[in-house]
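Asker: Here it is, the structure in full.
The values are calculated or read from the model by the stated rules, or taken from the named source; none is laboratory data. Given the structure is predicted, the values throughout are model-derived calculations rather than measurements. Because the Cβ atoms are built from the backbone with ideal geometry, glycine has one as well, and the counts that use them run over all protein chains shown.
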Amino acid sequence: MTNLWWIFHKDLITEFRARRVWPTMLLLGVVVALVFGVQMDLLPDQKQRLVGGLLWLAIFFAGMTAVDRSFASEQEDGCWEAMRLFPTSPAAVYFAKLLANAVALAALQCLLIPLFFVLSGLPLWDHAAEMLLIAFLGNIGIAAVATLVSALATGIGRSGNLLVLLVLPLIIPVLLAAAEATRLVAEGQIDESWWRWVQLLGAFAVVFVTAGTILFEYAIEE
């Protein structure tokens, strides 16, 4: 736990001092939200059907900017080799990176979710607790997969657009479940159907975190 906290703290402090990724990520998210908002000149029921999918696509594409840097930054000045020599388990490194990426995605969600609902004119605060649960589970699912694939992409000397192409097919179930649950929140249908999507989202989060913990050690091997 000490090593996990040290790596997590290092990543946050490094980003806070350098401000390399988060401003770009947040700006990209706002631009995407504004573009979608301007184009969303639809009837209220049509907005309710579309807002979930557009929101989670914006979170995914903007969030990959931060996730990509989580391991790419370790390649500078031999930092990754030094970390490999540090007496800690691969699982601790994975969870530390996952937490740092989850914090970045949470910051993005805090900006984009209210912005999307304001631009669409839909009542967010009527079901804020339900939306918070969706955001949390979706955040963990995306961060779990993206952290593992980011380590793999960095290990083979690729990042950037390749990361998006590798993560997107794997993350489709999470995006679909989160989008459908968000759509039901926008329509005010907090019923059994909504709960099934949330359960599915939670199951994906558990599966992806477990798989990432097991496979991370192999992903970072030479």
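Asker: Please go through region 201-221 and pick out each residue that is aliphatic (A, V, I, L, M) and under 17 Å from the mean Cα position of the chain (by Cα).
Answerer: Of everything in region 201-221, those that are aliphatic (A, V, I, L, M) and under 17 Å from the mean Cα position of the chain (by Cα) turn out to be LEU201, ALA203, ALA205, VAL206, VAL207, VAL209, ALA211.
Yes or no, residue by residue, for (1) farther than 15 Å from TRP56 by Cβ; (2) modelled with pLDDT of 90 or more; (3) within 14 Å of the chain's Cα centre (by Cα); (4) surrounded by fewer than 23 Cβ atoms within 10 Å (Cβ to Cβ):
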| site | (1), (2), (3), (4) |
| --- | --- |
| ASN139 | no, yes, yes, no |
| ALA181 | no, yes, no, no |
| ASP191 | yes, no, no, yes |
| VAL198 | no, yes, no, yes |
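Asker: For residues in region 63-105 being aromatic (Phe, Trp, Tyr), at pLDDT below 75 and in a helix (DSSP H, G or I), which is nearest to ASN3 (Cα to Cα)?
Answerer: Restricting to residues being aromatic (Phe, Trp, Tyr), at pLDDT below 75 and in a helix (DSSP H, G or I), the top hit is TRP80.
Asker: Is region 213-221 home to any residue that is among the β-branched types (Val, Ile, Thr) and modelled with pLDDT under 85?
Answerer: Scanning region 213-221, I find at least one residue that is among the β-branched types (Val, Ile, Thr) and modelled with pLDDT under 85, so the answer is yes.
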